[in-house]
Amino acid sequence: VAIWAQVHIQQHRGMVIGVILVALFCISAAESRPFVWGERALKHFDTEDDCLKLAKGWARRDTDRRKPKSQKPLDLTIFLHVPRTAGRFFDFCVFRQAYPEEERCPKAYHELPHGLLNPMSRRNSCSLLTSHYDYRVVEGVAHRGDPNVVMMLRDPLDRALSAYEFATEVAARNLGKAPRREIPGKVPTRWVWPWSGLTPYLDDILNSTSRLRRLELRRNAGQNNPEELGKPKGTCPATDLSSCMQWEIDEDRLAEQQDEAMNPYSCSMTYPLEKLMVEDLWLESIDNAMTFQLLGITSNTPHGLGDKNDVETEEITAARLRQCVRSGGPSSPASKVLLQMALARLMEKVDMLLLHDRLDDSVRLGFAKLRSFGVDASMDSQFSRCVQRTQHKMQKRTDKGMSNLLWPDGSTLEFNKRTRAALPADIREQILSANWMDTELMILGRQLFQEEFARMESEGLLEESPVETVVGQAGGFREPKPKPRRRR
């Protein structure tokens, strides 16, 4: 065997070296973009008793911290940014307006900065940390004191649909070409959880030969180039041109029949929502993400919080708990324990609770809360400019992706309130059923928000917003309309 291996290595030396280089590149890329789904735990199925034991053990993490706040406050605001809850807008236009650049922690969406939680590191002197990481980051600084925790909630159905729309749009930005190269100082969206898993998965599906061919045909249809519609696009071999072209014609005819309903959630140019929402990638990162973020059991494990072995153990336990919730459902004892833990944390541990469907009110409450944290924050002209700039950037990026998703007549696919309302009732029910934990969390969240908003309003602590940041058709922002100035 050794002689045979030596001979073949010498004969195929170039190939062997190439394979080694590719392997080293992949390892380097994986290390620079860590993304853990807990695969080892997904194949492990616990009994109901095992799940209950795991859940009770996880809930004991709060046993020694039952008081709303300990005696030692910490000059650090942690924004637990749940994906697709307008967190990017709040980070840019509220938090960054209040905290100067030198007071912000290094970017933490891709990975936690080294030394951030080390009491001996200079980096722990920062005052604002925004990240998709979960509550384990809050626990990681517990030895230093209690930080100010911020969280924003959104209707579970709207958040799930927005996640599908965004993942599809990000994948469509690079339809037919390689993803954009890294830009120094910026982290591409497709590197950030959960898009670091969903986007590459959709890349492979959307970049099929048939979809790229249809995209070119539909662009010609939109540009009134009928002479181009019947020409082969180089996808058929010359040896079998006629039969291959007939197969393409038949396939495109079926695609047009599928697109007659004009349903962007199930058409020939996208991966159907009903299929994606049962994939492991979706189940592990989208369903009940708000509750899992608060519990600290998301698939986005924050590394660098402590001993490596402890982090890996917690990672596996978190994945098993997610599996317990999916398999047990609302009636399982383990799910009930975890839900009560999440509700208690929402009431006792979250200092600033915001709501996506009350965005204007959340902006007003957010600035008032920041002032209560001792931060000099106000809604001035800088905030107004940020709202307009953010809306423009978001719309520009969305248009770029959606321009690659076309109907047979060449018009662009759109996600909006009308298309969401037209979703079949069974799919809507399936999404709500899968996100039952987030539904319960949202009910309590709306109640807590209203109580706090009414209290601060009655005490005269809320400013009037200089612009309207109304949620747009598909979860974005409409063009802000300046309010008329009052005459003095």
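Values quoted throughout were computed directly from the atomic coordinates according to the rules given, and no laboratory measurement underlies them. The structure presented is a predicted model; accordingly, all values stated were derived computationally and were not measured. Counting neighbours? That spans all protein chains shown, and the Cβs are built from the backbone with ideal geometry, glycine included.
Structure values in brief
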item	result
Length added when fully stretched, D357-L212, from 0.36 nm per residue minus Cα-Cα	48.5 nm
Cα gyration tensor category, rounded, prolate or oblate, for region 306-416 with a/c compared to 1.5	oblate
Kirkwood Rh in Å, taken over all unlike Cα pairs in region 373-444	16.6
Given K56/K275; K369/K396; K72/K349; K275/K417; K369/K417, the pairs whose alpha carbons are separated by over 24 Å	K56/K275; K369/K396; K369/K417
Loop-located chymotrypsin sites (Phe, Trp or Tyr not before Pro) in region 372-452, at most 12 other Cβ atoms within 10 Å (DSSP)	none
Computed lengthening from V278 to T63, 0.36 nm per intervening residue step minus Cα-Cα distance	73.9 nm
Region 131-169 versus region 305-374: alpha-carbon centroid distance in Å	8
P(r) weight above 24 Å for region 260-354, C-alpha pairs, percent	38
Difference of contour (0.36 nm per residue) and Cα-Cα distance, E103 to V187	28.2 nm
